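First up is the structure itself, then whatever we jot down about it.
Every number in this text was worked out from the coordinates using simple rules, so none of it is lab data. Only a predicted model underlies this, so the values are computations on that prediction, with no experimental measurement involved. Here the Cβ positions follow ideal geometry from the backbone for every residue, glycine too, while neighbour counts run over all protein chains shown.
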Amino acid sequence: MSNYFLNSGLKRDGQLQLVPEHVKLNLTQLTPSSVGIVQFQLILAEQEQNIIELIDIQDNLGNALIKITLKERELIIQYLDNTYKFPIQQIILYKLYPIFISLYDEISLITNFTVQSQKLQQRFSYTSNKVGILLGSRSHLNAFTGITRNLQIRFVNENELKKQIEDEIKLQKQILNDLNDIGQIKYKLPFSKPLQSIEELDNWKPNEEYTILPIQQLKKINRTTNQPLLVCHDMQGGYKEDIWCFGNPLRQNSYRFYYMTHCDIFVYFSHTLITIPSVPYINICHQFGTKILGTIITEGDDNKQLTNQLLNMKYVDKLVQICKFYKFDGYLLNIETNVDNVDLFLQFIKELSDKLQEIGALLMYYDSHNAEGILKWQSELNQDNMKYFQACNYFFSDYHWNLDKLSNTQKNAGDQKNNVFVGIDIWGRGQYGGGQFDSYIALKEIKKAQLGTAIFGQAWTYETANDSRSQFIQNDNSLWQGKNTVSLFDKHKNQWVITSNGGSGWKIVQENGDETAISSFDWCIRTYTIQLNLVSSNKGGIIQFNARVKGTGPKYDDLYLIGIELYDRQNKCIASIDSFSTKVNKREIQFNADYVNVADDKWREHTLSIKTTDDTLYVKFIEVGKDVEHWAGNYGAQFTGESMVYISYDCNKDLLRMLKPKTYQEFPLQTYFNNAVGEAYFIDGQKFTHYKGYYDNLNDFDYSLCYPTKKIISQEIQDNWESSINFNDAWNGSSCIKIKGDLQVQKSFLIKLFKTRIDPQGNINASINMKNFDKKILQLSLVLKYSDKVLQTFKPTKILTNKGWNVAQYVILDQGKALKSVYLKIENISQQQQAVDGLIGGLAIYDDRYNEQIKFANVDFKDPTKYIKNIQLKESVTNLYDLYIQLELGELGPLLKTIRVFNDKQWIGNVRSNYAYFPEFPFDGKEMFVRLQIILNNGNHIKAESVLPYILYSDQVVRLP
């Protein structure tokens, strides 16, 4: 009989996934002698609860068939009306467990090649030929992070069962043996992980041969002013989607921190004994010149003994060794238990700090004790905790301070104010000023005191965004950039006005408090209008409209449009924007069958933005949908998740304006403005799709915009511009920046890109990747400010065109002066006012010295197979294959931005470490052409098709028995 293979990928945070919606199994063809087999592999990266729901199989009526749950050391199988409990070995995180369950007269479980059986109380008798398979848990109470993969549902005859069990035992032995050693390459789970116990710390040994390590060295991007910024990243306990060294396999809105350009120290925080920062965050921090710290933590009354065990001088060298091996920059020491022996504690701090400094790292003490070692947060630097600070020279103050305590900290810090960081809890728990969007109140006082700032829990903007990327970005902009956001729409009120009820009319469905509107077989139109001056007195802000849209089956390519119209006091439309054109027009929205979007079977999120004028009084939001099947009923485009907001800027709440960006002190200066998450991945302007269907690789994140907050320096024009993240197009990666505004005749404006302190060696080479800037109308130039403070403008020496993008190239002769700032200038060279709506997909600036470094490293773009130490393609249980590549980069390492990996012409992912791992990869069984495209950190590369491949032949593939 048939086998049914399903792959679920990563499951986390209680998200229940139906894979697929209905699986048609020919159950009506089963005979009384048929044996049911359920088989899958389990990997846990984190276990937050004692009970974890793994798999739930139901018939098409919702009746439970099989439910599999993990409870500590028990695997619980609920089959029909009965429950069977099997003891199992303790699940070790990050280790793969193959699980095999057969159902006949007995229910048998095989895991770790051990067989357990129990008498089956009830035989199956199915009347339906449809089965729904749900993977993951139904609620946050049963959340976990990990993989439930390679799920199979099979049916065999009774006389085959014995052989099936024997073969499974052999297979599990083989798999577990392979996991320990595959040729010369160890099985590499794509996880970064902590050390969770003293035993793990005792047993830790450096083994570079079998460890995934970051490649990015710490760049020289330092603060040239006082008052540094520390960001303590405690997001849901740490080790979430950032644990994946080669890309997150789950389709989700992963968190991104956009302000590394302002951050001096980034603390990777979790509630485990020794927090080793994840590989992606080490790479990201170092590319932005940010030091990244791990955490040493003990907390709670039950862990006082753990503290006593840890404060042993034998662990000092090991902690230093761990820091050096994994290439991070020190630790935050967060001991939140009583300390019995204060002298020993001080000795431990001093010795660990001194030895970390020898390797260029640091130790920072978190304010948690009084002079006697009693757990007591001081929320200031005082005589009670001064000795802990003096032992390591870095101090992180607790958040519950007031102005008197802040004044004490300022006095006691003396001339070490830059080493004392005063905490701001963004969640606002006991925080002066209240935290959250009022965190600027605390920051102003810290800046007055001339102390360092420690921002804790900055991912609050993400955790409170209800899994919406647009809401997260909106929250983030409000917190960091002072963009006030006023909601214009209440989803719990019926505020839409139906202006056209074509076909069967709109159908409104309510589910879990959310409304979904489904259109019909003729045009359905609904609108919502707001009077702007009733919700905000601020003028000149941005109207933003977010909505999610998808089609309705069986044909999902339904037609739709969403839009915004602005009206003046005479009720005349003065501007509009819609999802089809995405451009601002000075008329009402007009649509027909050729001027609409086409839906598919996935929810697509749209974000429209339009700038208001002083004349704007009314704002109208529009949704239009139609079914392509022309069926009676509601089978048209579906709309949900609407959000309408008004965004205005308040410079007093702009954290970035107070914090200031760091100064770049070496070439190259390069970014693709890549968020590294989204539906598509672009390579030199060409759109690719990841073989897993979604691209999410934190390692590739390089979004570098030092002055995002309306920091567009205008010349003789009003400051009516905005820059934003654009996910619909890119030059390299998943995103770019969009610049919008109006530019008067013969006027220009500057965007400050980088603050620098560099002495160029020889000529400067530069390039800017741009789209939708008509070179007959708009001219883009580089403006450089040198040490003499004179702004010099340089026009492109050459403009190339590729995939609709223009690549402006610049050669700037040696000026013999230090470079202080870099600007982008956009100038209207036409004879009429122009609306600018363009994309910047990347830029690179470097000097002749960097070119010499490339030559010295003898970078081989054409034949990068020389950097492959080992490569292997191994068959997985699902007839798919896992690809492993072990790299030896040598002199290339310090120059490398990333390596793109292709299966011939198909892009499959990127790698930024000494290993590459791509799981469950299709292979035709013949040969595989593996191409490695080297991307240097100035953006230099050659086309992938010009790269010589490493050929893997069929007889080299490691196959399962």
Compute the length gained on full extension between Arg849 and Lys162: take 0.36 nm times their separation in residues and subtract their Cα-Cα distance, giving the result in nm to one decimal.
240.4 nm
Taking H as built 1.01 Å from N, whose amide H comes closer than 5 Å to the amide H of Asn222, not counting residues under 5 places away?
Thr663, Gln665
Find the centroid of the Cα atoms in the stretch 540-554 and in the stretch 346-385, then give the distance between the two in whole Å.
51
With θ set to phi - 60° and the Karplus curve 6.51 cos²θ - 1.76 cosθ + 1.60, what are the ³J(HN,Hα) couplings of the stretch 548-561 in order, to the nearest whole Hz, using x for Gly and Pro?
10, 9, 8, x, 10, x, x, 9, 9, 7, 6, 9, 7, 7
Integer Hz, Karplus 6.51/-1.76/1.60 couplings in order for the stretch 758-775, x for Gly and Pro
10, 9, x, 9, x, 6, 9, 10, 8, 8, 10, 9, 9, 8, 6, 10, 5, 5
Between the stretch 722-762 and the stretch 558-597, the alpha-carbon center distance in angstrom:
27
Hey, could you get me the Stokes-Einstein D for the stretch 830-876, Kirkwood radius over alpha-carbon pairs, 20 °C and 1.002 mPa s, rounded to whole µm² s⁻¹?
131
Given C-alpha coordinates of the stretch 403-532, what is the ratio Rg to Rh with the Kirkwood estimate of Rh?
1.24
Nearest 20 debye, what's the magnitude of the dipole of the chain about its Cα centre given +1 on Lys and Arg Cβ and -1 on Asp and Glu Cβ?
2280
If you bin every alpha carbon distance in the stretch 858-956 into 10 Å steps from zero, what whole percent lands in each bin?
16, 52, 26, 6, 0
5 Å is the cut-off here: which amide hydrogens, built 1.01 Å from N in the peptide plane, fall below it relative to Ser581, excluding neighbours closer than 5 in sequence?
none
When the Cα centres of the stretch 425-494 and the stretch 611-682 are compared, how far apart do they sit, in Å?
18
Taking the dipole about the Cα centre of the stretch 539-583, with the C-beta of Lys and Arg at +1 and of Asp and Glu at -1, give me whichever of Asn571, Ala547, Thr582 is farthest to the positive side.
Asn571
Mean Cβ count within 10 Å, highest first, over the residues of peptides 327-335, 347-355
327-335, 347-355
Provide the per-residue ³J(HN,Hα) series for the stretch 510-519, in order, calculated from phi with Karplus coefficients 6.51, -1.76, 1.60 and θ = phi - 60°, each as a whole number of Hz, with x at glycine and proline positions.
9, 8, 6, x, 9, 9, 10, 9, 10, 7
Taking H placed 1.01 Å from N in the peptide plane, check which residues at least 5 places from Glu106 or on another chain put their amide H under 5 Å from its amide H.
Leu120
Hey, what's the Cα Rg ratio for the stretch 207-366 versus the globular rule of thumb, 2.2 N^0.38 Å?
1.07
With each run of n ≥ 4 DSSP H residues scored as -39500 (n - 2.57), what mean residue ellipticity at 222 nm is computed for the chain after dividing by its residue count and rounding to the nearest 500 deg cm²/dmol?
-4000 deg cm²/dmol
Given 10 Å bins starting at zero, what is the percent of C-alpha pairs of the chain in each, up to the one with the largest pair distance?
2, 10, 18, 22, 22, 16, 8, 2, 0, 0
One checks the Cα atoms of the stretch 664-848 and finds Rg and Dmax, in Å, of 16.5, 52
Please express the Cα-Cα pair-distance distribution P(r) of the stretch 483-649 as a list of whole percents, one per 5 Å bin, running from 0 to the bin with the greatest distance.
2, 9, 19, 22, 20, 14, 9, 4, 1, 0
